[in-house]
Amino acid sequence: MESVTQQVLDAARRRDFATVRRLTAELEASDIANLMEEIDNPSDLALVFRCLPRNLATDVFEYLALPEQTKLVESLTNEEVSQVLETMADDDRTRFFEELPGEVTKRLLSLLSEEERKKALQLLGYPEGSVGRLMSPHYVRVKPHWTVRQVLAHVREHGKDSETLTMVYVVNDRGQLIDEIRMRAFLLAPLDTKVSDLMNYRFVALKATDSQEEAVNVFREADLPALPVTDSDGVLIGVVTSDDILDVAEAEATEDIQKFGGLEALDLPYVDTPLFTLIRKRAGWLVILFLGEMLTASAMGHFDQEIERAVVLALFVPLIISSGGNSGSQAATLVIRAMALKELTIKDWWYVMRREILSGFFLGIILGSIGVLRITLWQKLGLFDYTEHWPLVALTIFLSLIGIVMWGTLSGSMIPFVLKRLGLDPATSSAPFVATLVDVTGLVIYFSIAAIVLRGTLL
């Protein structure tokens, strides 16, 4: 693949059209798109694109990333751009228009035929992030009184431009969706069978105004290659296919992961995000977390007398706060993902709280036991002297880890529920945020337990 890529690039630079056509004829549309994304020179990019057959050129354009699509639009003639936009899938074209400045979109819309312009304007008229922006108006619909023979004839005549031929949709005289039937049923049924004989009046449909996030969940439950889209009156107006939903699911997962990592979600892929935009997206959370960690310093300052009397306590501060933060991040990750998959709702908070308290308790015992073992071994082997009161130091660490890990799991699991209740995205309860919160409270728990256990000895 690499050798073919280099050959195409060399041929493009030599303006060897015949070689470019011959080499690209051997590649799939996705491979050609990957190849073109390596071309920096807009004129070379346009040359390769012009060498492609018309249908293949449209497929390649849909696979290209936005920066390359924009370069091509600026490099091609209006007629060439019109040909590409006219033959693009409606959902891909809508997604492309959404990313462009308003004036550019307006100019490109003027290049479309009246029929295609109406479709594009209709799709762009739906709210951003709605199913209406994803749907395609190309599908196969039939009437209940038709025979299988009529359906197959209709598919042969009109199915070429359909977004999917896997599903056939049945509508009444008012255009309202009343059933969906797999094409397989028509292929296996006798030709004189009526559509109504194959119907069970059970179907899953999306509303054009539904959010794309809701559509992902519906697709997951329906397990179908495509879903119909209706308006508020139940009239069938389009379909959404699984490949479009996969793109949405990937974008949502990326956004959640970025938020959970402690930064604002990026609008563009990492490699396409300008440096100062990247800094701005990351700086906000870093400042908030930095200010939060100042509370950690304040907490330690509050217990300076305890630390001065028993310096040995300071040795375990990193161990203590990291254990609480790690356990909190684990709990937050599990709960946020379960919420995203609709495994948990706000009503499940009490169930989660009970589980996490028990989990935190036993996890704290495990970590606390390891801490006690470490102190005992180091003391007995003479690797470190924890003073004559080392059993009490070990007990302090044991009890502190139980309390802090329990608090960490409880905090990490409950914060997403609180954010969800406030109408915020649970993913914003990022791992760094949970860790910072537990750091501050963990120190309070640690030194409070130490003050009780070590009173009259080291303190």
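The values are calculated or read from the model by the stated rules, or taken from the named source; none is laboratory data. Note that the structure is predicted; figures quoted are calculated from it, not measured. Quick reminder, even Gly has a Cβ in these numbers, built from the backbone with ideal geometry, and neighbours come from all protein chains shown.
Here are some notes:
- Residue 327 falls short on exactly one of the conditions (1) surrounded by 21 or more Cβ atoms within 10 Å (Cβ to Cβ); (2) within 17 Å of residue 447 (Cα to Cα), and that condition is (2).
- Which numbered condition residue 135 fails, given (1) out of contact with any strand residue (DSSP E or B) (no Cβ under 6 Å at 6 or more places or on another chain); (2) surrounded by 17 or more Cβ atoms within 10 Å (Cβ to Cβ): (1)
- Checking each residue in the stretch 258-274 for being more than 21 Å from residue 95 (Cα to Cα), of a type in the set (A, V, I, L, M, F, W, C) and either part of a helix (DSSP H, G or I) or at pLDDT 75 or above (or both) picks out only 260.
- If the condition is being within 30 Å of the chain's Cα centre (by Cα) and under 17 Å from residue 203 (Cβ atoms), then the stretch 125-162 contributes 131, 135, 139.
- Residue within the stretch 275-292 that is closer than 24 Å to residue 407 by Cα, of a type in the set (D, E, K, R) and modelled with pLDDT under 85 present: no
- Within the stretch 69-101, the set of residues being crowded, with 17+ Cβ neighbours inside 10 Å, charged (D, E, K, R), more than 19 Å from residue 243 (Cα to Cα) and under 31 Å from the mean Cα position of the chain (by Cα) comprises just one member, 71.
Yes or no, residue by residue, for (1) β-branched (Val, Ile, Thr); (2) at pLDDT below 80:
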| residue | (1), (2) |
| --- | --- |
| 4 | yes, yes |
| 27 | no, no |
| 78 | no, no |
| 84 | yes, no |
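- Per-region count, the stretch 126-137, residues of a type outside the set (Ser, Thr, Tyr) and either modelled with pLDDT under 75 or touching a Ser or Thr at 6+ places or on another chain (Cβ under 8 Å) (or both): 6
- Qualifying helices (runs of 4 or more DSSP H) (wholly inside the stretch 85-169; at least 1 residues being farther than 22 Å from residue 56 by Cα, without any contact (Cβ under 8 Å) to a residue 60 or more places away in the chain and β-branched (Val, Ile, Thr)): 102-109, 148-158
- Condition check for residue 215: under 14 Å from residue 133 (Cα atoms), part of a helix (DSSP H, G or I), at pLDDT 85 or above and of a type in the set (Gly, Ala, Ser): yes
- Failed item, numbered, when residue 255 is tested on (1) part of a helix (DSSP H, G or I); (2) loosely packed, with under 14 Cβ neighbours inside 10 Å: (2)
- Number of the condition not met by residue 16 [criteria: (1) within 20 Å of residue 272 (Cα to Cα); (2) at pLDDT below 80; (3) surrounded by 14 or more Cβ atoms within 10 Å (Cβ to Cβ)]: (1)
- Scope the stretch 163-185; condition crowded, with 18+ Cβ neighbours inside 10 Å and either among the β-branched types (Val, Ile, Thr) or more than 37 Å from the chain's Cα centre (by Cα) (or both); matching residues: 164, 168, 170, 171, 181
- Filter result (part of a strand (DSSP E or B), out of contact with any helix residue (DSSP H, G or I) (no Cβ under 8 Å at 6 or more places or on another chain) and either closer than 10 Å to residue 205 by Cβ or in the same structural domain as residue 119 (by TED's automatic domain parsing) (or both)) within the stretch 219-238: 228, 230, 236
- Restricting attention to the stretch 170-203, the residues that are among the small types (Gly, Ala, Ser) and either part of a helix (DSSP H, G or I) or in contact with a Lys or Arg (Cβ under 6 Å, 6 or more places away or on another chain) (or both) total 2.
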